[in-house]
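The values are calculated or read from the model by the stated rules, or taken from the named source; none is laboratory data. Quick caveat: nothing in here was measured; it's all calculated off a predicted structure. Cβ atoms come from the backbone with ideal geometry, glycine included; neighbour counts cover every protein chain shown.
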Amino acid sequence: MKTILVTGGAGFIGSHLCKKLLQSGNKVICLDNMSTGSYDNIASMLPNPNFKFYNANIVDALQFDANEIYNLACPASPTQYQQDPIMTLRTCFLGALNVLELAKNLGARVLQASTSEIYGDPLIHPQFEDYNGNVDITGPRACYDEGKRIAETLFFDYKRKYGVDICVVRIFNTYGPNMLINDGRVIPNFIAQALQDKDITVYGSGLQTRSFCYIDDLVSGLITAMGKNNFSGPINLGNPYEMTILDLANLIIKLINSNSNIIHMKLPMNDPAHRKPDIEKARAVLGWRPYTSIEEGIEKTIKYFKEKYKF
Ligand code: NAD
Ligand code: UDP
C-alpha cells in the first residue's frame, strides 16, 4: 500500500484522482486551501480511513510522509487564476519548490500538473513537446503560463541537481463532473447557460479551437505517467479531437435540446487561437490515449450538472 500526496485534491481533477487512487488500495493525503476546490468533491471520501484531508496552502512548508506526490494545486480557469495573479505566481513557484523539497527529502516520485498554456498562443499546430511556445510574458495570462513554465524549470533543476524522480505532464483542456458551475471555463459556462435557456456567451468569433479531454481519460494518463519510474517527460496528455468553440456551443445546445441563443462577447486578451495536442509521445512511451468521445463526455457532464444543480 502506497501513501500518495495529492495537492489540489479537492479540485476538479484532483478529486477524481484521489478517488481512483483510493479505489486502487492506496492511502491518500489530500492537501487543498479550498480556493477553487469544494467539500462536495471530497465528501464521499472523507469517512474513508485511508483518506486524510488537510486544509493548507501549498506556499507554506509541507511536512508529510508519502511515496508519491501529484502537484495539482493551482487555479486552472483563466477567470480564477487572473483574480489574484500574484497568488497564482506564488502558488506555481513556491508550491513547486515546496513539493520538490518534500520529494527530495522523502525520496518520493513527484508529478507536476503542467499545462498546454506553456505553449501560449502557439505558432505551430498541433503542439508537440519540443515546441518552446509563444507566451506573452507581460500579458494577463502570464501569471499562469509563466508560473507553470518556471515550475517545469524547477522540476528539471531538482532532477539534475538532486536526482529527484520527477514527471512533468502537460495537460490540455480537460472537463467533466466536479467542475464548479461558476468556474468560468467554457464547458461549465455553456452547460449552465443551455440548461437554463440563457444566452450562450461565445467570446469573439467562436472560430478559435480547443481539444477537450474527458476527465476519466486524463486521470488514467496521470496514473500511467506516475507509474513509469524514471520517466521525466515533459509529455502532453489530452484529446487530439479539435473543434471550434462555436461547434461546442451548438453541440451542447443540441444535446440539451435547449432554446438558448448564441451571443458573441469580447474575446479576452491573449486568448489562444488554436490548441491541439500531439500525443504521439504519450502513445509510444505510456501506451496511453483517450477513449471518450466529446458527445459521450459532454452527456455525462450535463447529467452531473443537472443532478447537482436541479436545473
Ligand atoms: P481546479 O481549480 O478545479 O483545482 C485546483 C485545486 O487546487 C483547487 O481545489 C484549489 O482549491 C487548489 N489550490 C489552488 N491554489 C492552492 C494553494 N495555493 N494551496 C493549496 N491548494 C490550492 O483546477 P483543475 O482543473 O482541477 O486543475 C488541476 C491542476 O491541473 C492545476 O494545476 C492546473 O493548472 C492543471 N491543469 C488543468 C487543466 C484543465 O483543463 N482542467 C489543464 C491544464 C492543466
Ligand atoms: N469561452 C467562451 N465563452 C465562455 C468561456 C470561454 O467563448 O463563456 C472561450 C474562451 O475565450 C476560449 C475557450 O472558450 O477561447 C476556452 O476557454 P476556457 O476558459 O475554458 O479555457 P482556456 O483554454 O482558454 O484556458
Legend entry - Considering residues of segment 127-185 that are under 17 Å from VAL99 (Cβ atoms) and among the hydroxyl-bearing types (Ser, Thr, Tyr) only, the residue surrounded by the most Cβ atoms within 10 Å (Cβ to Cβ): TYR158
Inset, instruction - Taking PHE305 as the residue in question, decide whether it is modelled with pLDDT under 95 and surrounded by 13 or more Cβ atoms within 10 Å (Cβ to Cβ). - result: no
Legend entry - Pair list, Cβ under 7 Å, 6 or more apart: segment 157-177 residue at positive phi and within 12 Å of ligand 1 (Cβ to nearest atom), other residue modelled with pLDDT of 95 or more and part of a helix (DSSP H, G or I): GLY176/ILE215; GLY176/GLY297; GLY176/LYS300; GLY176/THR301
Inset, instruction - Scan segment 252-311 residue by residue and report those that are among the acidic types (Asp, Glu) and away from ligand 2 (no atom under 16 Å from the Cβ). - result: ASP278, GLU280, GLU295, GLU296, GLU299, GLU307
Inset, instruction - Just one of (1) over 30 Å from VAL164 (Cβ atoms); (2) outside any loop (DSSP other than H, G, I, E, B); (3) among the hydroxyl-bearing types (Ser, Thr, Tyr) trips up THR292, so point out which. - result: (2)
Inset, instruction - For ASP84, work out the one condition from (1) within 21 Å of ASN178 (Cα to Cα); (2) free of Cβ contacts under 8 Å to residues at least 24 places away in the same chain it doesn't fulfil. - result: (1)
Legend entry - segment 278-287, subset within 16 Å of ligand 1 (Cβ to nearest atom) and either over 19 Å from the mean Cα position of the chain (by Cα) or part of a loop (DSSP other than H, G, I, E, B) (or both), residue surrounded by the fewest Cβ atoms within 10 Å (Cβ to Cβ): ASP278
Inset, instruction - Say whether the condition of being crowded, with 22+ Cβ neighbours inside 10 Å, in contact with a His (Cβ under 9 Å, 6 or more places away or on another chain) and more than 23 Å from LEU102 (Cα to Cα) is met by at least one residue in segment 11-18. - result: no
Legend entry - Odd one out for THR292, checked against (1) surrounded by fewer than 19 Cβ atoms within 10 Å (Cβ to Cβ); (2) within 22 Å of the chain's Cα centre (by Cα); (3) not aromatic (Phe, Trp, Tyr): (1)
Inset, instruction - Being surrounded by fewer than 24 Cβ atoms within 10 Å (Cβ to Cβ), at pLDDT below 95 and under 22 Å from ALA225 (Cβ atoms) narrows it down to one of LEU62, LEU106, LEU97, LEU102, so name that one. - result: LEU62
Legend entry - Residue check for THR301: farther than 25 Å from LEU5 by Cα, within 16 Å of ligand 1 (Cβ to nearest atom) and assigned to a helix (DSSP H, G or I): yes
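Listed here are the residues, each with its yes/no results for (1) near ligand 1 (Cβ under 9 Å from one of its atoms); (2) under 30 Å from LYS276 (Cα atoms).
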residue	(1), (2)
LYS27	no, no
ASN48	no, no
ALA73	yes, yes
LEU89	no, yes
VAL99	no, yes
ILE118	no, yes
Legend entry - Test: GLN193 is within 13 Å of ligand 2 (Cβ to nearest atom), in contact with a strand residue (DSSP E or B) (Cβ under 9 Å, 6 or more places away or on another chain), within 18 Å of ILE294 (Cα to Cα) and touching a residue at least 24 places away in the same chain (Cβ under 8 Å): no
Legend entry - Residue that is buried (at least 17 other Cβ atoms within 10 Å of the Cβ) and over 25 Å from ARG149 (Cβ atoms), where the choices are LEU207, LEU248, LEU255: LEU248
